Amino acid sequence: MSKYKDFDHRKSIHVKLLTETHAAFRIELIKKKLSMQEVFEDFAQRVVRGDGFAHRVLDTVAKRERHIEKLSDTDAESIFDAIEDNTYSTEDI
(Lines give C-alpha, C1' and ligand atoms only; values in the text may rest on other atoms or scores of the structure.)
Protein backbone atom coordinates (compact mmCIF):
# COMPACT_ATOMS: atom_id res chain seq x y z
CA MET A 1 0.00 0.00 0.00
CA SER A 2 1.30 3.41 -0.95
CA LYS A 3 2.07 5.93 1.77
CA TYR A 4 0.43 8.50 -0.55
CA LYS A 5 -3.02 6.86 -0.48
CA ASP A 6 -4.89 10.15 0.09
CA PHE A 7 -2.91 12.05 -2.55
CA ASP A 8 -5.28 11.28 -5.42
CA HIS A 9 -8.44 11.67 -3.37
CA ARG A 10 -8.13 15.23 -2.18
CA LYS A 11 -8.57 18.56 -3.89
CA SER A 12 -6.87 21.72 -2.75
CA ILE A 13 -8.91 24.87 -2.20
CA HIS A 14 -7.74 28.42 -1.75
CA VAL A 15 -9.83 30.79 0.32
CA LYS A 16 -9.25 34.46 1.00
CA LEU A 17 -10.50 35.65 4.37
CA LEU A 18 -10.29 39.07 5.93
CA THR A 19 -7.28 39.20 8.23
CA GLU A 20 -9.45 39.83 11.28
CA THR A 21 -11.81 36.98 10.37
CA HIS A 22 -8.91 34.58 9.84
CA ALA A 23 -7.31 35.45 13.18
CA ALA A 24 -10.53 35.18 15.19
CA PHE A 25 -11.56 31.95 13.42
CA ARG A 26 -8.12 30.44 14.01
CA ILE A 27 -8.29 31.31 17.72
CA GLU A 28 -11.68 29.58 18.06
CA LEU A 29 -10.35 26.50 16.29
CA ILE A 30 -7.23 26.36 18.46
CA LYS A 31 -9.42 26.49 21.58
CA LYS A 32 -11.16 23.34 20.34
CA LYS A 33 -7.96 21.75 19.00
CA LEU A 34 -9.29 21.74 15.44
CA SER A 35 -7.64 22.57 12.15
CA MET A 36 -9.20 24.64 9.40
CA GLN A 37 -8.87 21.59 7.15
CA GLU A 38 -11.00 19.50 9.53
CA VAL A 39 -13.70 22.16 9.82
CA PHE A 40 -13.95 22.91 6.10
CA GLU A 41 -13.97 19.19 5.24
CA ASP A 42 -16.70 18.50 7.79
CA PHE A 43 -18.84 21.38 6.57
CA ALA A 44 -18.42 20.37 2.93
CA GLN A 45 -19.44 16.80 3.75
CA ARG A 46 -22.51 18.06 5.61
CA VAL A 47 -23.56 20.15 2.61
CA VAL A 48 -23.12 17.21 0.24
CA ARG A 49 -25.11 14.90 2.56
CA GLY A 50 -27.97 17.40 2.64
CA ASP A 51 -27.59 18.38 6.30
CA GLY A 52 -30.34 20.89 7.13
CA PHE A 53 -28.17 23.14 9.28
CA ALA A 54 -25.42 23.34 6.64
CA HIS A 55 -27.96 24.24 3.96
CA ARG A 56 -29.52 26.91 6.18
CA VAL A 57 -26.05 28.44 6.53
CA LEU A 58 -25.72 28.46 2.73
CA ASP A 59 -29.19 29.97 2.36
CA THR A 60 -28.32 32.72 4.84
CA VAL A 61 -25.11 33.57 2.99
CA ALA A 62 -26.87 33.43 -0.39
CA LYS A 63 -29.45 35.96 0.79
CA ARG A 64 -26.90 38.53 1.90
CA GLU A 65 -24.09 38.08 -0.61
CA ARG A 66 -24.20 39.11 -4.23
CA HIS A 67 -24.54 36.32 -6.72
CA ILE A 68 -21.56 35.06 -8.65
CA GLU A 69 -21.54 36.85 -11.97
CA LYS A 70 -18.64 34.96 -13.47
CA LEU A 71 -16.81 31.80 -12.53
CA SER A 72 -13.11 32.14 -11.96
CA ASP A 73 -10.81 30.08 -14.18
CA THR A 74 -10.05 27.85 -11.19
CA ASP A 75 -13.75 27.21 -10.49
CA ALA A 76 -14.46 26.45 -14.13
CA GLU A 77 -11.47 24.10 -14.29
CA SER A 78 -12.68 22.25 -11.17
CA ILE A 79 -16.13 21.81 -12.68
CA PHE A 80 -14.71 20.50 -15.95
CA ASP A 81 -12.35 18.16 -14.06
CA ALA A 82 -15.30 16.70 -12.15
CA ILE A 83 -17.26 16.20 -15.36
CA GLU A 84 -14.32 14.55 -17.09
CA ASP A 85 -13.57 12.39 -14.08
CA ASN A 86 -17.16 11.12 -14.14
CA THR A 87 -16.63 9.21 -10.89
CA TYR A 88 -19.10 11.23 -8.85
CA SER A 89 -22.22 9.35 -7.89
CA THR A 90 -25.05 10.21 -5.54
CA GLU A 91 -24.32 6.85 -3.91
CA ASP A 92 -21.00 8.34 -2.75
CA ILE A 93 -22.83 10.87 -0.58
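The values are calculated or read from the model by the stated rules, or taken from the named source; none is laboratory data. Given the structure is predicted, the values throughout are model-derived calculations rather than measurements. Methodologically, a virtual Cβ is constructed for each residue, glycine included, from the backbone with ideal geometry; neighbour enumeration extends over all protein chains shown. For the accessible areas, the whole protein counts, side chains as well, though only heavy atoms, and no ligand, DNA or RNA atoms are used. Shrake-Rupley method; radii C 1.70, N 1.55, O 1.52, S 1.80 Å.
At a glance:
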item	result
Efficiency of FRET between Lys32 and Glu77 - r from beta-carbon atoms, R0 30 angstrom, step 0.05	0.35
Exposure of His9 as accessible area (Å², to 10), given a probe of 1.4 Å and all protein chains	150
